[in-house]
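S.K.: Handing you a structure now.
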Amino acid sequence: MIGTEPSRTAMMAAAARAAHLLIDSEPYLFRDTMASALLGPHAEELIGYHLHHGDHPLLAAVRAQATVRSHWTEQRLAESAAAQYVVLGAGLDSFGYRGPADGIRIFEVDHPGTQRWKREILAIGDIRPVGDVVFVPVDFERDELPRQLAEAGFDRERPAVVSWLGVSMYLTTEAIGATLAALSGLASGSELVMEYMLDPALRDGNGHAYAESVQPVTSAQGEPWLSTFTPETLDAVLRRYGFTTVEHISHRAAVPAGWWERADALQPVDLCRLAHARIGG
């Protein structure tokens with residue numbers, strides 16, 4: 001196997017999306033039919049945790065978080081008129097391999113080593129894109145995101161939807177600002193869906209329980225949480241880089257209300273939210 005494996009958190013998120021269809025009851029919050037295949041040799045181990053301990057509150061919370069954020073983001077993409085979709089920190093995102101992606105060019109942005117690993121998994125599994133997928137290797141310590149996107153064929157004159165899920169909490173506020181600055185030159189009408197971690201004072205009971213269990217583990221794995229926001233403080237950061245916040249979306253609000261009337265262990269967790277913002281009009 002070549003390349004650098006995706007982060008442990010990226011693999012856990014993919015396992016949660018895959019396990020959701022195997023463990024939880026309908027209505028499904030999100031249908032990721034390719035997540036298991038993209039885990040490659042790690043699928044049995046990571047999905048197995050859910051198969052054997054699926055009712056554990058922590059694992060149920062992971063499944064809820066991983067599914068609702070993807071559901072809302074892809075629904076927003078479907079409702080937009082954008083023909084370009086940028087997935088920042090793409091990891092094991094599977095949109096380009098299950099669609100529907102008609103007429104949309106998908107730019108997967110991630111570290112070069114991680115992308116080599118993913119492409120090897122795709123080749124081994126004979127997994128082919130159903131849309132127009134372009135890999136954009138970016139080492140954020142050395143490369144400039146706008147230049148790398150342009151070289152990959154991204155059209156800065158046309159609006160795009162940018163997905164930034166499961167990443168910002170592992171970055172400093174300075175690194176978040178640098179990424180937003182790189183996105184500030186997007187065409188008017190472009191949209192950003194950014195997942196962020198709530199300030200501890202705003203978390204609900206499920207959010208606090210999740211944080212107490214998970215934060216020590218991610219830190220021990222070398223992926224500590226480095227940033228939290230209130231909706232107001234994040235609004236100020238987004239405005240600084242030319243974005244206008246449209247809305248902040250909680251887990252509970254990310255899917256139809258009736259979907260939370262469930263027979264399984266899934267519950268909304270107010271630990272992270274989605275910020276939906278626009279450039280220009």
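The values are calculated or read from the model by the stated rules, or taken from the named source; none is laboratory data. Note that the structure is predicted; figures quoted are calculated from it, not measured. Methodologically, a virtual Cβ is constructed for each residue, glycine included, from the backbone with ideal geometry; neighbour enumeration extends over all protein chains shown. Accessible surface is based on the protein model in full, side chains and every heavy atom, while ligands, DNA and RNA are left aside. Shrake-Rupley method; radii C 1.70, N 1.55, O 1.52, S 1.80 Å.
S.K.: Which Rg and Dmax, in Å, describe the Cα atoms of the chain?
M.R.: Looking at the chain, its Cα Rg and Dmax stand at 17.7, 49 Å.
S.K.: With r defined as the distance between the Cβ atoms of T244 and A123 and R0 fixed at 30 Å, what FRET efficiency is calculated, to the nearest 0.05?
M.R.: Values: r = 42 Å, r/R0 = 1.39.
It comes to 0.10.
S.K.: Which percent, to the nearest 5, of DSSP beta bridges fully inside the stretch 68-279 are antiparallel?
M.R.: Restricted to the stretch 68-279, the bridges split so that about 40 percent are antiparallel.
S.K.: Sticking with this structure for a sec: Could you rank F107, F140 by how accessible they are, 1.4 Å probe, largest area first?
M.R.: Output order, biggest surface exposure first: F140, F107.
S.K.: Taking the Cα centre of the stretch 182-281 as the origin, how large is its charge dipole in debye, to the nearest 20, when only Lys and Arg (+1) and Asp and Glu (-1) carry charge on their Cβ atoms? Write out the running numbers ahead of the final one.
M.R.: Working: 7 positive and 12 negative charges, 55 e Å.
Value, rounded to 20: 260 debye.
S.K.: Tell me, what is the percent relative contact order of the chain, built from C-alpha pairs under 8 Å that lie six or more residues apart?
M.R.: Working: 517 pairs, mean separation 60.6, N = 281.
Reported as a whole number, the value is 22 percent.
S.K.: So how far, in whole Å, is the C-alpha centre of the stretch 106-126 from the one of the stretch 168-226?
M.R.: 24
S.K.: Do you know the relative contact order of the stretch 1-122, to the nearest whole percent, from alpha carbon pairs under 8 angstrom that are 6+ apart?
M.R.: In percent, rounded to a whole number, it is 38.
S.K.: Order R147, R128, most accessible first, counting only protein heavy atoms with a 1.4 angstrom probe.
M.R.: Output order, biggest surface exposure first: R128, R147.
S.K.: Continuing with the same structure: Which Cα, out of P57, G280, P27, lies furthest along the positive dipole direction of the chain (beta carbon charges, K/R +1, D/E -1)?
M.R.: Most positive-ward Cα: G280.
S.K.: Calculated FRET efficiency, T230 and A253, Cβ-Cβ r, R0 25 Å, to nearest 0.05?
M.R.: 0.90
S.K.: What ranking do 164-173, 22-31, 270-279, 234-243 get when scored by the average of other Cβ atoms within 10 Å per residue, highest first?
M.R.: Packing order, densest peptide first, comes out as 270-279, 164-173, 234-243, 22-31.
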